[in-house]
């Protein structure tokens, strides 16, 4: 591909939706502003004009000023190229990790931070396999079905955020994780049977972890305490907790004892109505054999 072709492609990609800075994300704004300031200072230090720098990295002058002014989130390949052009010795490229986090939706990033501190998680999703359990391929299929449709860039952002949250399984002091899954979410081949099989194989693996309990709610159950919506309860080492459910406080996170008691009561009943972890693991293996 020609240099001109690369330049046009990079500029177009950076202009796509999804690279704007969320005005309500104070931490994200601070990161992008700092990166932009470093870009400008480094460019001026080597005596390069913005138009010339733009040509060197394949961006238009206007986009260079947006990036330096903290108005757009820089792509990782741009930071690599800028580091090379400005002879920054790795300073600019090293910012890619923080910049990548800015692209995660703030509410997802906040949730991931809470999950990283929790010692116990109780999770129930009545509509889908829980995001912490989804494979990237299965998550992509779900995201592509949303209407109004996400663009490809937004899909990649959400997938990256979900993958990052899975670090909760890899912590040295792993938390206790309890999931209740609806049987129908394990049967419906969203995105195709191949994606479903890959998802079931992943669940079969996760279900064997000593700190994880998966329980399946059979479709044939005549009683069900989860009809009011999903439930999330996160407990922390100091004895505090935070919970969330569409049926409590409009879905906002709650930490008041009375509201937490309602969520834990409902979750406890749902668990009692579901198959045991051993029965659930066997059920998932059975579904794998049928898929």
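Throughout, read-outs are computed from the coordinates displayed, never taken from laboratory work. Values in this document were obtained by computation on a predicted structure and should not be read as measured data.
A few comments on the model shown:
- Cα gyration tensor shape for segment 97-173, rounded if a/c is under 1.5, else prolate or oblate: oblate
- Taking every alpha-carbon pair under 8 Å whose residues sit at least 6 apart, the chain reaches a relative contact order of 16 percent.
- Degrees, to the nearest 10: 26-45 long Cα axis against longest axis of the chain: 20 degrees
- Rg [Å, one decimal], Dmax [Å, integer] - the chain, C-alpha atoms: 22.8, 74
- Between helix 152-165 and the chain: long-axis angle, C-alpha atoms, 0 to 90°, nearest 10: 60 degrees
- D (Stokes-Einstein, µm²/s), Kirkwood Cα radius, segment 85-220, 1.306 mPa s at 10 °C: 96 µm²/s
- One decimal place: the segment residue 171-residue 29 gains 48.3 nm when fully extended, by the rule 0.36 nm per residue minus the C-alpha distance.
- Beyond 17 Å, the tail of the calculated P(r) for segment 210-291 holds 55 percent of the Cα pairs.
- Relative to the longest principal axis of the Cα atoms of the chain, the long axis of helix 193-206 makes an angle of roughly 70 degrees.
- Computed [θ] at 222 nm, deg cm²/dmol, the chain (DSSP H ≥ 4; -39,500 (n - 2.57); rounded to nearest 500): -16000 deg cm²/dmol
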